[in-house]
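The values are calculated or read from the model by the stated rules, or taken from the named source; none is laboratory data. Every value quoted in this text rests on a predicted model; they were computed, and no experiment measured them. With ideal geometry, Cβ positions are generated from the backbone for all residues, glycine too; neighbour counts draw on all protein chains shown.
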Amino acid sequence: MFIECSLIAHDALPVTGGVLARLAAVPGSQAGQHNGLPRSPALAQLLIVLALGASLHAVGQRASIATLITVSTLVGVVGGAVPVPGGLGVVEAGLIAGLASAAAPGNQAVAAVLIQRFFTAGPPPVWRWATLAWMRRRESR
């Protein structure tokens, strides 16, 4: 048993060192950036949470950042497990339930979630379609 573990460790350590070195180089590389912003799931999640907080503030309610992160993370896990594109419907219901139980009355939670989802989930497909149309026009010239 000990011999097998030492052989695995002997073979795995050089590979692990190389992987760790490459991972350490990623934050400073240009491959991890787009238009000067880092491509980070954590940053994207934080921006979505801030948008949820802003939409909640727009309807006259407040919630702590910890509450918003907790609700958003739990809803993201559930929404990712449901086989619906973008968790459509499931994410909204989860956000409404989470905000209603933690921070806001039901009607204001509904309004805040719909505002947040309109601005975070609505525009990206429109921008992608416009970009695709522009690329096709440019390619046909």
Worksheet item: Here are Ile48, Ile65: which of them is surrounded by 15 or more Cβ atoms within 10 Å (Cβ to Cβ) and modelled with pLDDT under 95?
Response: Ile48
Discussion item. Condition first: under 15 Å from Val110 (Cα atoms), surrounded by fewer than 13 Cβ atoms within 10 Å (Cβ to Cβ) and not small (Gly, Ala, Ser). Now tell me which residues in segment 68-99 satisfy that.
Written reply: Leu88
Worksheet, complete the sentence: In segment 88-140, anything closer than 18 Å to Ala63 by Cα and of a type in the set (D, E, K, R) is listed as Glu92, Arg117
Discussion item. Please verify whether Thr120 is hydroxyl-bearing (Ser, Thr, Tyr), out of contact with any Asp or Glu (no Cβ under 7 Å at 6 or more places or on another chain), surrounded by 12 or more Cβ atoms within 10 Å (Cβ to Cβ) and part of a helix (DSSP H, G or I), treating the condition exactly as stated.
Written reply: yes
Worksheet entry | Pair list, Cβ < 6 Å and 6+ apart or interchain, from segment 96-108 residues that are modelled with pLDDT of 90 or more to residues that are surrounded by fewer than 16 Cβ atoms within 10 Å (Cβ to Cβ) | Ala100/Gly106
